[in-house]
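> Here it is: the structure, laid out below.
The values are calculated or read from the model by the stated rules, or taken from the named source; none is laboratory data. Note that the structure is a prediction, hence the values are computed from the model and not measured. Reconstructed Cβ throughout: ideal geometry from the backbone, glycine too, with neighbour counts over all protein chains shown. Note: accessible area is taken over every heavy atom of the protein model, side chains too, but ligands, DNA and RNA are not part of it. Shrake-Rupley method; radii C 1.70, N 1.55, O 1.52, S 1.80 Å.
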Amino acid sequence: MTQTPIILLLLLAFCSAAFYVGRRRALSVAGGQIRNLHSLPGYYGLYVALWAALPALILFGLWSAFEGSIITQMVVAEMPASVRALEPAKLNLLVNDLHNLVSGNVVSGTPDAAMQAAAERYRNLQSIASATLIAVTFGIAAVAGWFAFSRIRPHHRARNGVERIIMGVLIASSLVAILTTVGIVLSVLFESIRFFHAVPFHEFLFGLNWSPQIAIRADQAGSTGAFGAVPLFAGTMLITVIAMVVAVPIGLMAAFYLSEYAGPKVRSTAKPLLEVLAGIPTVVYGFFAALTVAPFIRDSGTILGLDVASESALAAGLVMGIMIIPFVSSLSDDVINAVPQSLRDGAYGMGATQSETIRKVIFPAALPGIVGAVLLAVSRAVGETMIVVMAAGLSSNLTANPLEAVTTVTVQIVTLLVGDQEFDSPKTLAAFALGLMLFVTTLCLNVFALYIVRKYREQYD
């Protein structure tokens, strides 16, 4: 809808006017004395503005969401019976051509007279709907705003009304986030169930071979695909362990230095520079891993007489660890700074040195937050895709040798869903099963992190 920004700007201007009118009305009924009002005058203005804005925005959102489908159904219902009797797939293609014709894009073939008439009818209905939307939106805003305006009295509890409205908005926002999460989980779960109807669950979970190839012909070699996910999870775990071996010690030591040893000037300079690493796109890390780190490891291995693959788990894990350092250091630094100063003073008062205070007082007190930071970094490493694609390869090798090429769960999900796919084949549905297992894994990590945090928080609070 091209007029959407204009309508929203006009609605914003209308609500600003409602705020001004409501505020003036409150001062007027109070005889110009603020002490005669239950709430501050601004609350009365905000009360009227919210009443004018929210119903109009709700209607505008619903109208915008369903306008296209309703107009399409109306136009299709007016088309010839031969068109309405088409199979669903062909009818969808025709509707797609209709939308392209209306918007001026390229259509498949030369549109006939019936299609031209349908496009003209669609444009007419769009114009009528747009005019009606503007009228209805501002009509509702005016009626609702007038309702709120008429309720303004000196003893009207405007602040309570505003807080109830804002509370409702916050609850609605929370519900949107929760329902979105539930929808994502259910969509992945239903597609995974379809996959497990074709491939046994135990074969997927404990199989040692991953080759999700489905033959086109029955006599084709390798006609039976292998969907054992163990090599993928082993590769994911191997790269994650390497990354955490790099990220956790460096990140923690950086956090302790910045928090306990560095002066204010050094800290104000070093911490932003360290956090720059978190802002670098992962594709840049992938380039660095593929063009610099992986060749260096291969050449170094050749000098030492080792057989190192051009794309290795070690290269991907090292670069991923560098990428994760800011996650560990920043979160840990915040946690360490949150340790009460009284604990430090108590340790120093008992004659402890600074290093003893860090080891025996600050680190145990900050341990719940540090564990949470590390597990968050683990979740980040498990979900990383780009670096693995560019530096570790696509080979599903079941190995613990970091010098060999491996692949991960997220890389295989991307591989399975690239290009034109049929969403009724086990090859494509396997991506959803992998996604479900990845979701369960990260969920378990988060639950474990919460358990650790709550356990130690009770001890040190």
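> Only one of LEU98, LEU37 is more than 30 Å from HIS155 (Cα to Cα) and either out of contact with any Leu (no Cβ under 9 Å at 6 or more places or on another chain) or surrounded by 17 or more Cβ atoms within 10 Å (Cβ to Cβ) (or both). Can you tell me which?
Matching residue, one of LEU98, LEU37: LEU98.
> Condition (residue is not basic (Lys, Arg) and not in a helix (DSSP H, G or I)) applied to region 47-67: is it met by at least one residue?
Residues of region 47-67 that are not basic (Lys, Arg), as a first pass: 47-67.
Restricting the remaining residues to those that are not in a helix (DSSP H, G or I) gives none.
Among the residues of region 47-67, not one is not basic (Lys, Arg) and not in a helix (DSSP H, G or I), which makes the answer no.
> Looking only at region 114-134, which residues are among the hydroxyl-bearing types (Ser, Thr, Tyr) and surrounded by 14 or more Cβ atoms within 10 Å (Cβ to Cβ)? Full working, then the answer.
Narrowing region 114-134 to residues among the hydroxyl-bearing types (Ser, Thr, Tyr): 122, 127, 130, 132.
Those that are among the hydroxyl-bearing types (Ser, Thr, Tyr) and surrounded by 14 or more Cβ atoms within 10 Å (Cβ to Cβ): TYR122, SER130.
> Continuing with this model, one more query. Which of the numbered conditions does GLY45 fail, given that it passes all the others? Conditions: (1) touching a helix residue (DSSP H, G or I) at 6+ places or on another chain (Cβ under 8 Å); (2) at positive phi.
The failed condition is (2).
> Follow-up. What residue, of GLY321, GLY346, is more than 26 Å from GLU384 (Cα to Cα) and either of a type outside the set (Val, Ile, Thr) or at pLDDT 90 or above (or both)?
Details: GLY321 fails: more than 26 Å from GLU384 (Cα to Cα).
Exactly one residue qualifies, and that residue is GLY346.
> Working only within region 283-307, note down all residues that are under 22 Å from THR385 (Cα atoms) and open to solvent by less than 40 Å² (accessible area, probe 1.4 Å).
Listed by number, the residues that qualify are TYR285, GLY286, ALA289, ALA290, VAL293, ALA294, PRO295, ILE297.
> Name the helices (runs of 4 or more DSSP H) wholly within region 80-191 that hold at least 1 residues that are within 32 Å of the chain's Cα centre (by Cα)?
Details: elements: 81-84, 88-103, 113-150.
Where helices (runs of 4 or more DSSP H) fall fully within region 80-191 and carry at least 1 residues being within 32 Å of the chain's Cα centre (by Cα), they are 88-103, 113-150.
> Among residues belonging to region 49-87 that are open to solvent by less than 70 Å² (accessible area, probe 1.4 Å) and among the hydroxyl-bearing types (Ser, Thr, Tyr), point out the one that is farthest from PHE19 (Cα to Cα).
The extreme case among them is THR72.
> Looking at region 135-155 only, could you name the residues that are of a type in the set (A, V, I, L, M) and either open to solvent by 70 Å² or more (accessible area, probe 1.4 Å) or out of contact with any Pro (no Cβ under 9 Å at 6 or more places or on another chain) (or both)? Explain how you work it out, then say what you get.
Within region 135-155, the first condition is being of a type in the set (A, V, I, L, M), and the residues that meet it are 135-136, 140-144, 148, 152.
Listed by number, the residues that qualify are ALA135, VAL136, ALA142, VAL143, ALA148, ILE152.
> Checking THR415 against (1) free of Cβ contacts under 8 Å to residues at least 60 places away in the same chain; (2) in a helix (DSSP H, G or I); (3) closer than 26 Å to ASP307 by Cα; (4) open to solvent by 30 Å² or more (accessible area, probe 1.4 Å), which test does it fail?
(3)
> Suppose the filter is open to solvent by 70 Å² or more (accessible area, probe 1.4 Å), assigned to a loop (DSSP other than H, G, I, E, B) and modelled with pLDDT under 85; does PHE448 pass it?
So PHE448 fails the test.
> Moving on to the next point. Considering only region 381-399, state which residues are more than 11 Å from GLY286 (Cβ to Cβ) and at pLDDT below 85.
Within region 381-399, GLY383, GLY393, LEU394, SER395, SER396, ASN397, LEU398, THR399 qualify.
> Which of the numbered conditions does ALA294 fail, given that it passes all the others? Conditions: (1) small (Gly, Ala, Ser); (2) closer than 30 Å to VAL411 by Cα; (3) modelled with pLDDT under 85.
Unmet for ALA294, out of (1) small (Gly, Ala, Ser); (2) closer than 30 Å to VAL411 by Cα; (3) modelled with pLDDT under 85: (3).
> Would you say GLU260 is open to solvent by 40 Å² or more (accessible area, probe 1.4 Å), in contact with a helix residue (DSSP H, G or I) (Cβ under 8 Å, 6 or more places away or on another chain) and among the acidic types (Asp, Glu)?
no
> Identify the residue in region 317-372 that is open to solvent by 10 Å² or more (accessible area, probe 1.4 Å) and under 30 Å from VAL293 (Cα atoms) and, among all such residues, is nearest to the chain's Cα centre (by Cα).
Among those that are open to solvent by 10 Å² or more (accessible area, probe 1.4 Å) and under 30 Å from VAL293 (Cα atoms), it is PHE327.
> Now for a separate question. Can you pull out every residue in region 288-308 that is part of a helix (DSSP H, G or I) and touching a helix residue (DSSP H, G or I) at 6+ places or on another chain (Cβ under 7 Å)?
PHE288, ALA289, ALA290, VAL293, ALA294, ILE297
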